[in-house]
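Encoded as structure tokens, the structure appears first; notes follow it.
The values are calculated or read from the model by the stated rules, or taken from the named source; none is laboratory data. Computed from a predicted structure; not experimentally measured. Glycine gets a Cβ as well: all are built from the backbone with ideal geometry, and neighbour counts include every protein chain shown. What goes into the accessible areas is simple: the full protein's heavy atoms, side chains included, and nothing from ligands, DNA or RNA. Shrake-Rupley method; radii C 1.70, N 1.55, O 1.52, S 1.80 Å.
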Amino acid sequence: MTGSEVPHSFRLAYVPGVTPTKWVRIWNERLPDVPLTLVAVSPAEAFGVLRAGGADAGFVRLPVDRTDLSAIPLYTETTVVVIPKDHLVATAEEVSTEDLADEIVLHPLDDTLDWEALPGRPAFERPATTADAIELVAAGIGVLVVPQSLARLHHRKDLTYRPVTGAPESRVALSWPQDETTDLVEEFIGIVRGRTVNSTRGRPPTPPQPKAKAKSKRPEAGGGSGAQRKPAPGKTGKTAGKSPRGASGGPKGGKSTKGAKGGKPRRRP
């Protein structure tokens, strides 16, 4: 499938502990015509689902094989130890891996932490899943060290958890097949990275609308380029105050009567 082809939906895989609600809400607001389908996968099967085309992208836990998959690291989780509420560790605000030296630390087969050496004492056998390990903790058989999101996911009223220092941390990333970086994948990357709806990356921007052409002014009769000026107050036009003949308003002939005395003309002697 090429980037120009638009499928009927976008499939998003996610591993336990990841909550994609916020990003799904933004997707539905921006692309209401392209439904987003969530695909829940286990950490072990997540990459196989992406490679097989079972999802267009997915929230996974690092590391990711970059040979054929792309990945954008998003955040790092706090590591915690899950314990019964009446356990001695529950009285502390934080513990270290050394504080768990005398505890039986359960190690489920779907563990998401990359341990060099597991703290504490090992159990007789490894639980199949994290959910199974939570049940064993509730039964008082041991404790469990997991990312905080998994402790919240498997919350029980009789259990609690505390942060653990010195333990490996789990990092969550968005991943997708390198050869399938479609327009919709780019759109979702933009949402996860916080790009605005008007960003130039991701979805192609809306082309600008052409501006309306300004109306041309019609020249006045006689070749004028604009409207006539209004006459100044008190004047009626261009020749206000002048005789229609072009004179200064005196009698015909143009001679001025200024200084002439009134009365009869004097006789000549």
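Fully extended, how many nm does the chain gain between Y75 and V39 (0.36 nm per residue separation, minus their Cα-Cα distance)? Before the final figure, lay out each step's value.
Working: separation 36, 0.36 × 36 = 12.96 nm, distance 2.07 nm.
Difference between extended and current length: 10.9 nm.
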The summed charge of the R126 Cβ neighbourhood (under 13 Å; Lys/Arg +1, Asp/Glu -1) stands at -4
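With a ≥ b ≥ c taken as the square roots of the eigenvalues of the C-alpha gyration tensor of segment 1-126, please select rounded if a/c is under 1.5 and otherwise prolate if a/b is larger than b/c or oblate if it is not? Before the final figure, lay out the partial values.
Details: a/c = 3.14, a/b = 2.14, b/c = 1.47.
Taking the square roots of the gyration eigenvalues as a ≥ b ≥ c, segment 1-126 is prolate.
How large is the accessible surface per residue of segment 1-70, computed with a 1.4 Å probe and reported in Å² as a whole number?
Per-residue value: 52 Å².
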When every protein chain stays in place and a 1.4 Å probe is rolled, E116, E125 sorted by accessible area with the largest first are E116, E125
The local net charge around P16, scoring Lys/Arg +1 and Asp/Glu -1 for residues other than P16 whose Cβ lies under 11 Å from its Cβ, equals +1
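Local charge sum around D110 (other residues, Cβ-Cβ under 11 Å, Lys/Arg +1, Asp/Glu -1)?
Details: positive: R61, R126; negative: E45, D111, D132.
Surrounding charge for D110 is -1.
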Taking alpha-carbon centroids only, segment 54-72 lies from segment 119-152 a number of Å equal to 27
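Can you give the charge dipole size of segment 1-89 about its Cα centre, rounded to the nearest 20 debye, using +1 on the beta carbon of Lys and Arg and -1 on the beta carbon of Asp and Glu? Don't jump to the answer; show the numbers that get you there.
Details: 8 positive and 9 negative charges, 35 e Å.
I would put it at about 160 debye.
Does segment 101-152 come out rounded, prolate or oblate by the C-alpha gyration tensor, with a ≥ b ≥ c the root eigenvalues, rounded set by a/c under 1.5 and, if not, prolate when a/b is larger than b/c and oblate if not?
Judged from the Cα gyration tensor, segment 101-152 comes out rounded (a/c under 1.5).
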